[in-house]
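Structure record follows, encoded as structure tokens.
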């Protein structure tokens with residue numbers, strides 16, 4: 001299990017008030033086309049935290065789901081309860097009766113399922129080129145960072161302070 005910290009006042013504004021809307025978070029992440037199964041979101045209003053529970057097909061999909069949830073205005077922390085792989089088969093009748101797992105009952109990812117990319121919080125004045133120079137020694141490698149953060153990023157010139165990005169190994 002992992003907890004990831006974000007800046008609550010930065011990110012996509014999905015909610016009209018301070019309350020985290022689990023359905024909007026889930027729809028936002030699902031809209032990115034990530035390969036997630038048996039996926040649910042549980043909000044912890046007091047802690048400004050969301051728990052992501054379920055299965056991601058790849059570690060990359062898992063990392064992107066964590067960042068997509070954390071880069072929502074009002075979310076300060078993401079509780080990672082996503083496992084990588086295929087969910088175990090359940091009989092259809094039991095699956096229909098089962099309610100979404102509570103955070104305490106959610107599967108705990110093992111160490112091989114922990115994010116392998118570095119996460120970087122964008123600072124004022126940053127550009128993808130500047131970040132690429134810092135991490136890879138070459139500003140020309142900014143497309144690596146851009147591709148690692150699609151579909152959350154749609155334009156390499158549109159990043160904002162407080163946003164958290166995936167920085168894959170060179």
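For the pair residue 130 and residue 48, a Förster radius of 30 Å applied to the C-beta separation gives a FRET efficiency near 0.55, rounded to the nearest 0.05. Which angle between 0 and 90 degrees, to the nearest 10, do you get for helix 59-70 versus the longest principal axis of the chain when only C-alpha atoms count? That helix lies at roughly 80 degrees to the long axis. Does the stretch 117-170 come out rounded, prolate or oblate, given a ≥ b ≥ c as the square roots of the eigenvalues of its C-alpha gyration tensor, rounded meaning a/c under 1.5 and, failing that, prolate meaning a/b above b/c? Verdict is rounded for the stretch 117-170. The value of relative contact order for the chain, using C-alpha pairs under 8 Å at least six residues apart, is 24 percent. Determine the distance separating the Cα centre of the stretch 126-167 from the Cα centre of the stretch 13-33; give it in Å without decimals. First find each Cα centre; the distance between them is then 24 Å.
Peptide packing: for 35-47, 64-76, the average count of neighbouring Cβ atoms within 10 Å per residue gives the ranking 64-76, 35-47, highest mean first. For the stretch 1-66, what class follows from the C-alpha gyration tensor (a ≥ b ≥ c being the square roots of its eigenvalues): rounded when a/c is under 1.5, otherwise prolate if a/b is larger than b/c, else oblate? Since a/c reaches 1.5 and a/b is larger than b/c, the shape of the stretch 1-66 is classed as prolate. Stretched out straight at 0.36 nm per residue, the stretch from residue 150 to residue 17 would grow longer than its current Cα-Cα span by 45.1 nm. A Förster radius of 25 Å, combined with the Cβ-Cβ distance separating residue 24 from residue 57, puts the computed FRET efficiency at roughly 0.60. Segment residue 170..residue 157, full-extension length gain: 2.6 nm, with 0.36 nm per residue of separation and the alpha-carbon distance subtracted. Taking label positions 7 Å along the Cα-Cβ direction at both residue 123 and residue 86, the computed distance is 4.6 nm, reported to one decimal.
We did not get these values from a lab; they are worked out from the coordinates using the rules stated. Here the structure is a predicted model, which means the values were calculated and not measured. Glycine also receives a Cβ, built like all others from the backbone with ideal geometry; neighbour counts cover every protein chain displayed.
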